[in-house]
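Colleague: Have a look at the structure that comes next, please.
The values are calculated or read from the model by the stated rules, or taken from the named source; none is laboratory data. Predicted model only: the values in this text are computed from it and were never measured. Here Cβ is always computed from backbone atoms with ideal geometry, including for glycine, and neighbour counts include all displayed protein chains.
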Amino acid sequence: MQADLSGKVALITGSTKGIGREIALLFAENGADVALNARSEGPAAEIIRKIEILGRRAIFEPADIFEYAQVKGMSERVLQRMGQIDILVVSGGSSEEIAPGFFRDLDPESYVNFAKSQWISRLYCVRAVLDHMIERRIGKIVLLGTDAGRWPTPGESLPGGSGAALVMSTKVLAREFTRWQIRINTLSTTVTLDTPGLDMVLSASSASKVFKKALKRQPFPLKSADVAQATLFLASSASDAITGQTLSVNGGLCFPG
Ligand SMILES: NC(=O)c1ccc[n+]([C@@H]2O[C@H](COP(=O)([O-])OP(=O)(O)OC[C@H]3O[C@@H](n4cnc5c(N)ncnc54)[C@H](O)[C@@H]3O)[C@@H](O)[C@H]2O)c1
């Protein structure tokens with residue numbers, strides 16, 4: 001799809017690789033200025049170059065989205081450098097240290113990081129931009145989540161529980177935020193080709209067989225570009241009548257109600 005994001009600034013976390021990177025490039029193609037984020041700069045300079053060639057502004061701001069102080073600092077620096085934040089997309093946060101796996105194989109000390117990965121990190125980012133969005137009575141928020149939060153998947157007890165919490169938080173926040181004209185939705189995805197998240201579950205998860213089987217069963221192979229298209233819809237005026245929803249983009253793998 002095409003959308004007019006000209007004049008908008010989008011902060012996209014976890015955007016130097018994978019789904020976040022694809023979203024950043026697509027948003028810039030559709031007119032947005034973009035603030036990129038990851039824990040470290042990595043390939044950010046190359047993405048910034050690509051965005052600047054499109055005639056848009058792009059910056060990189062580091063932060064670990066598991067740490068609220070860092071997230072707050074990042075959003076303040078983005079505001080200083082870009083002047084505004086109209087769109088927040090929260091992606092990223094998977095890592096080999098918290099690969100999904102069968103419950104009996106998971107270290108209880110890691111539970112809290114699963115909650116941060118799929119849920120709390122999203123809330124940290126929302127909180128960090130909220131006062132700015134309230135002040136301007138404008139805002140589109142898209143949170144990347146997981147279909148494991150909507151469909152019982154062996155090996156996903158922790159990501160699934162955290163993903164389910166994100167679905168409910170999205171509904172509650174939508175009800176709280178309508179008074180300020182802020183829309184918030186979750187985009188729930190599953191095994192996605194060409195992403196670090198998929199590489200990680202195939203290599204590091206004690207339940208990797210589950211994910212290999214899911215890939216075979218997925219009728220329509222899912223790529224990060226497909227997830228980016230749906231994110232563009234939820235960030236654009238085309239979805240102005242939609243808030244508090246969770247949209248599954250999953251290649252037809254399952255049918256969450
Ligand atoms: N890829 C999949 O198969 C899959 C499956 C289900 C759900 N998802 C959802 O999609 C999101 C994006 O997936 P992805 O495959 O692009 O991988 P990812 O979650 O690993 O995101 C990669 C990007 O996030 C950055 N990042 C990682 N940890 C971070 C942290 N703590 N703070 C800031 N940046 C961090 C990385 O540097 C990179 O730029 C996931 O977070 C998850 O919510 C993906």
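Colleague: Within segment 202-225, does at least one residue satisfy the condition of being on the phi < 0 side of the Ramachandran plot, within 14 Å of the ligand (Cβ to nearest atom), among the β-branched types (V, I, T) and touching a strand residue (DSSP E or B) at 6+ places or on another chain (Cβ under 8 Å)?
Modeller: no
Colleague: Does T195 qualify as being within 10 Å of the ligand (Cβ to nearest atom) and either within 22 Å of A235 (Cβ to Cβ) or surrounded by fewer than 23 Cβ atoms within 10 Å (Cβ to Cβ) (or both)?
Modeller: The answer is yes for T195.
Colleague: Follow-up question, since we're still on this one. Taking segment 62-86 as the search range and keeping residues that are part of a loop (DSSP other than H, G, I, E, B) and within 12 Å of the ligand (Cβ to nearest atom), which one is surrounded by the most Cβ atoms within 10 Å (Cβ to Cβ)?
Modeller: To start, the set of residues in segment 62-86 that are part of a loop (DSSP other than H, G, I, E, B) comprises 63-67, 83-86.
Filter once more, keeping what is within 12 Å of the ligand (Cβ to nearest atom): 63-67.
Working: A63: 23, D64: 19, I65: 25, F66: 19, E67: 15.
Applying the filter and picking the extreme gives I65.
Colleague: For F177, work out the one condition from (1) in contact with a helix residue (DSSP H, G or I) (Cβ under 7 Å, 6 or more places away or on another chain); (2) over 22 Å from V227 (Cβ atoms); (3) among the aromatic types (F, W, Y); (4) surrounded by 20 or more Cβ atoms within 10 Å (Cβ to Cβ) it doesn't fulfil.
Modeller: Against the list (1) in contact with a helix residue (DSSP H, G or I) (Cβ under 7 Å, 6 or more places away or on another chain); (2) over 22 Å from V227 (Cβ atoms); (3) among the aromatic types (F, W, Y); (4) surrounded by 20 or more Cβ atoms within 10 Å (Cβ to Cβ), F177 comes up short only on (1).
Colleague: Look at segment 9-31 and say how many of its residues are free of Cβ contacts under 8 Å to residues at least 60 places away in the same chain and either crowded, with 24+ Cβ neighbours inside 10 Å or within 9 Å of the ligand (Cβ to nearest atom) (or both).
Modeller: 3
Colleague: Same structure, new question: If you take the residues in segment 132-159 that are among the hydroxyl-bearing types (S, T, Y) and over 15 Å from the mean Cα position of the chain (by Cα), which one is nearest to the ligand (Cβ to nearest atom)? Steps first, please.
Modeller: Taking segment 132-159 and keeping what is among the hydroxyl-bearing types (S, T, Y), we get 146, 153, 157.
Of the ones still in play, those that are also over 15 Å from the mean Cα position of the chain (by Cα) are 153, 157.
On the way: T153: 10, S157: 15 Å.
Within segment 132-159, the match that is nearest to the ligand (Cβ to nearest atom) is T153.
Colleague: Are any of the residues in segment 87-104 loosely packed, with under 15 Cβ neighbours inside 10 Å and modelled with pLDDT under 95? Steps first, please.
Modeller: First, pick out the residues of segment 87-104 that are loosely packed, with under 15 Cβ neighbours inside 10 Å: 96-97, 102-104.
When the remaining residues are screened for being modelled with pLDDT under 95, the result is 96-97.
Yes, there is a match, as at least one residue in segment 87-104 is loosely packed, with under 15 Cβ neighbours inside 10 Å and modelled with pLDDT under 95.
Colleague: Would you check which residues across segment 182-227 are touching an Asp or Glu at 6+ places or on another chain (Cβ under 6 Å), modelled with pLDDT under 95 and in a helix (DSSP H, G or I) and list them? Spell out how you get there, then give the answer.
Modeller: Of segment 182-227, the ones touching an Asp or Glu at 6+ places or on another chain (Cβ under 6 Å) are 188, 190, 200, 204, 206, 223-225.
Remaining after also requiring modelled with pLDDT under 95: 200, 204, 206.
Result: M200, A204.
Colleague: Give me the residue from segment 127-143 that is of a type in the set (A, V, I, L, M) and out of contact with any strand residue (DSSP E or B) (no Cβ under 6 Å at 6 or more places or on another chain) and, out of that set, surrounded by the most Cβ atoms within 10 Å (Cβ to Cβ).
Modeller: We begin by selecting, within segment 127-143, every residue of a type in the set (A, V, I, L, M); these are 128-130, 133-134, 138, 141-143.
Right, trim to out of contact with any strand residue (DSSP E or B) (no Cβ under 6 Å at 6 or more places or on another chain) and you get 128, 130, 134, 138.
Details: A128: 25, L130: 19, I134: 15, I138: 17.
Once the filter is applied, the top-ranked residue is A128.
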